[in-house]
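Engineer: Attaching a single structure in structure tokens format; questions to follow.
The values are calculated or read from the model by the stated rules, or taken from the named source; none is laboratory data. Everything quoted here is computed from the prediction, not taken from an experiment. Positions of Cβ are backbone-derived with ideal geometry, glycine not excepted, and every protein chain shown enters the neighbour counts.
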Amino acid sequence: DSGVTQTPKHLITATGQRVTLRCSPRSGDLSVYWYQQSLDQGLQFLIHYYNGEERAKGNILERFSAQQFPDLHSELNLSSLELGDSALYFCASSERYSSEQYFGPGTRLTVT
Amino acid sequence: AQSVTQPDIHITVSEGASLELRCNYSYGATPYLFWYVQSPGQGLQLLLKYFSGDTLVQGIKGFEAEFKRSQSSFNLRKPSVHWSDAAEYFCAVGDKNNNDMRFGAGTRLTVKP
């Protein structure tokens, strides 16, 4: 158990819908990272937040957004969902942005 | 642009045999290199990392990796594989701030009894 929690574990929704994925980092970790893992794209970095502020963006679509709240938990919002958004979404946290990342178990999103 | 190549999609080894998983990277600056393992239904766990210094790094679970700058490689090795090592292994490259980490496609390891 990495100490990073993600909810929900599984999510099934229809095209065009909007969903929110939640991540609680390890206690004391200030950085949160989001990744998408799909069969065709592999594992891709989406976005990094540090202590509430966005630090870096990767291959994140404009339909996706994220935020980190004062209690340091983070949410990834996915809107206008398409079939191709079906994937495993991982959150990771680290104490600082240069420290080892600890990954959560992921949220499996299925868009039908 | 930075990228990581893992040439082997799937490797099968017998329990007790040695293992080497290949990783080649392309990175413009000083690379920070990582190996992660992912068991079915689990998140990724860091096995080891290389930032600088000794090019042979030791990790958890008896794994080691060697950084070879001249070959742009960071291969993962284990002298004797255990059945519990069966998993997917990912090589990754990034900067010192963990930003924009690039992962390889992964190598699935099967261990035969």
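One line per residue, one yes/no per condition, for (1) of a type in the set (F, W, Y); (2) under 12 Å from the mean Cα position of the chain (by Cα); (3) farther than 27 Å from A:L39 by Cβ:
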{"residue": "B:Y36", "(1), (2), (3)": "yes, yes, no"}
{"residue": "B:G62", "(1), (2), (3)": "no, no, yes"}
{"residue": "B:F74", "(1), (2), (3)": "yes, yes, no"}
{"residue": "B:G106", "(1), (2), (3)": "no, yes, no"}
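Engineer: Further question: Residues in segment B:75-88: is at least one within 14 Å of chain A (Cβ to nearest Cβ) and closer than 19 Å to A:L43 by Cβ?
Structural biologist: Yes, some residue in segment B:75-88 is within 14 Å of chain A (Cβ to nearest Cβ) and closer than 19 Å to A:L43 by Cβ.
Engineer: Testing A:S80 on (1) assigned to a strand (DSSP E or B); (2) on the phi > 0 side of the Ramachandran plot; (3) of a type outside the set (D, E, K, R), one condition comes back false. Which one is that?
Structural biologist: (1)
Engineer: Same structure, new question: Return the residue satisfying two criteria in turn: it lies in segment B:38-70 and is part of a strand (DSSP E or B) and in contact with a Pro (Cβ under 9 Å, 6 or more places away or on another chain), and of such residues it is modelled with the highest pLDDT. Before you say what the answer is, go through the steps one by one.
Structural biologist: Looking only at segment B:38-70, we keep the residues that are part of a strand (DSSP E or B), and these are B:38, B:44-50, B:56-58, B:64-68.
Checking the rest, the ones that are also in contact with a Pro (Cβ under 9 Å, 6 or more places away or on another chain) come to B:50, B:64, B:67.
Values: B:Y50: 92, B:E64: 98, B:F67: 94.
This residue is B:E64.
Engineer: Can you tell me how many residues within segment A:30-57 are crowded, with 23+ Cβ neighbours inside 10 Å, hydroxyl-bearing (S, T, Y) and either under 27 Å from B:R108 (Cα atoms) or more than 10 Å from chain B (Cβ to nearest Cβ) (or both)?
Structural biologist: Total meeting the criteria: 3.
Engineer: Output the residues belonging to segment B:28-74 that are more than 22 Å from A:S93 (Cβ to Cβ) and within 14 Å of chain A (Cβ to nearest Cβ).
Structural biologist: Of everything in segment B:28-74, those that are more than 22 Å from A:S93 (Cβ to Cβ) and within 14 Å of chain A (Cβ to nearest Cβ) turn out to be B:T30, B:P40, B:S52, B:V57.
Engineer: State whether one or more residues within segment A:69-92 are away from every other protein chain (no Cβ under 14 Å), among the aromatic types (F, W, Y) and within 18 Å of A:G104 (Cβ to Cβ).
Structural biologist: So far as segment A:69-92 goes, yes, one or more of its residues are away from every other protein chain (no Cβ under 14 Å), among the aromatic types (F, W, Y) and within 18 Å of A:G104 (Cβ to Cβ).
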